[in-house]
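Following: one structure in structure tokens, then a few remarks.
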Amino acid sequence: DAYPSSLMRQEKRFGFLPLHVACSFCGLSSSNTLVRTLLAAYPEASQLPDRRGSLPLHLACRAGAPNSVIQQLVSVYPRGAFHKDDENRLPLHWACHLSLPPESINIILGAFPMAAQVAERKYKFLPLHVACLRGGSKEVIDILLKSYPEGASCRDKKGCLPLHVACMANRGMSKEALKSLIEAYPQ
């Protein structure tokens, strides 16, 4: 109230607005009051990228935001689920990278069902590859396969299928998640 134009001021180093900063740290707290307050005061901030091309939705996914924050950001700007950052990553890639819960994955896919088909630039990973690398749960793997069944047969830059990536996963995957991948593409 004292300085409303501060909501529109980007800091110099990363080009962050206050909403970007709040979303970058929203995984540290279960409270989403700050994000809600900033969105209510300046909803257009949800559409503005930082210097790396990341929207607040990307940053929230990278921070491990609770479902409620993901839902708020998608509700205010559904097209944010379509937005690619400078590495061609969608918010869904970051949600899979941080192993966000199935509810968050569904919120993002609800806004952009084709997100499961988009490969990022560096490794040519689909969100399914990312989820496999990070030891995604059976529920998340099943959601991604339901959204894009052909994803199980897509190869990354090195020629690896999601199943290969799952076998290299540093967190390991459950037998049930591996079985879902094998059933989706037995070859």
| field | Sole exception among (1) among the aliphatic types (A, V, I, L, M); (2) open to solvent by less than 30 Å² (accessible area, probe 1.4 Å); (3) touching a Phe, Trp or Tyr at 6+ places or on another chain (Cβ under 8 Å); (4) more than 18 Å from CYS26 (Cβ to Cβ) for ALA119, by number | value | (2)
| query | Regarding VAL140, is this residue in contact with an Asp or Glu (Cβ under 9 Å, 6 or more places away or on another chain), of a type in the set (A, V, I, L, M) and not in a loop (DSSP other than H, G, I, E, B)? | reply | no
| remark: Counting only residues that are in a helix (DSSP H, G or I) and open to solvent by less than 50 Å² (accessible area, probe 1.4 Å), the stretch 44-66 contains a total of 8
| query | Quick one: would you say GLU103 is more than 18 Å from PHE25 (Cβ to Cβ), open to solvent by 10 Å² or more (accessible area, probe 1.4 Å) and at pLDDT below 95? | reply | no
| message | Take the conditions open to solvent by less than 10 Å² (accessible area, probe 1.4 Å) and within 12 Å of the chain's Cα centre (by Cα) and apply them to LEU109. Does it pass? | response | no
| said: Conditions first: (1) outside any helix (DSSP H, G or I); (2) open to solvent by 10 Å² or more (accessible area, probe 1.4 Å). MET114 passes all but one, so which condition is the exception? | reply: (1)
| message | Exactly one of these conditions fails for SER180: (1) surrounded by 14 or more Cβ atoms within 10 Å (Cβ to Cβ); (2) within 17 Å of HIS93 (Cβ to Cβ); (3) at pLDDT 95 or above. Give me its number. | response | (2)
| request: Check the stretch 173-185 and report whether any residue there is of a type in the set (Val, Ile, Thr) and over 22 Å from the mean Cα position of the chain (by Cα). | output: yes
| message | Condition first: charged (D, E, K, R) and either modelled with pLDDT of 80 or more or not in a loop (DSSP other than H, G, I, E, B) (or both). Now tell me which residues in the stretch 4-37 satisfy that. | response | ARG36
| message | Yes or no: the stretch 117-134 includes at least one residue that is farther than 29 Å from ARG51 by Cβ and part of a loop (DSSP other than H, G, I, E, B). | response | no
| task | Name the one entry in VAL130, VAL69 that is surrounded by 20 or more Cβ atoms within 10 Å (Cβ to Cβ) and more than 30 Å from TYR185 (Cβ to Cβ). | result | VAL69
| said: Condition first: open to solvent by less than 40 Å² (accessible area, probe 1.4 Å), in contact with a Phe, Trp or Tyr (Cβ under 7 Å, 6 or more places away or on another chain) and in a loop (DSSP other than H, G, I, E, B). Now tell me which residues in the stretch 143-160 satisfy that. | reply: ASP156
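The values are calculated or read from the model by the stated rules, or taken from the named source; none is laboratory data. These figures come from a predicted structure and were not determined experimentally. In this analysis, Cβ positions are derived from the backbone assuming ideal geometry, glycine residues included, and neighbour counts consider all displayed protein chains. The protein model used for the area step is the full one, side chains on, heavy atoms only, and it has no ligands, DNA or RNA in it. Shrake-Rupley method; radii C 1.70, N 1.55, O 1.52, S 1.80 Å.
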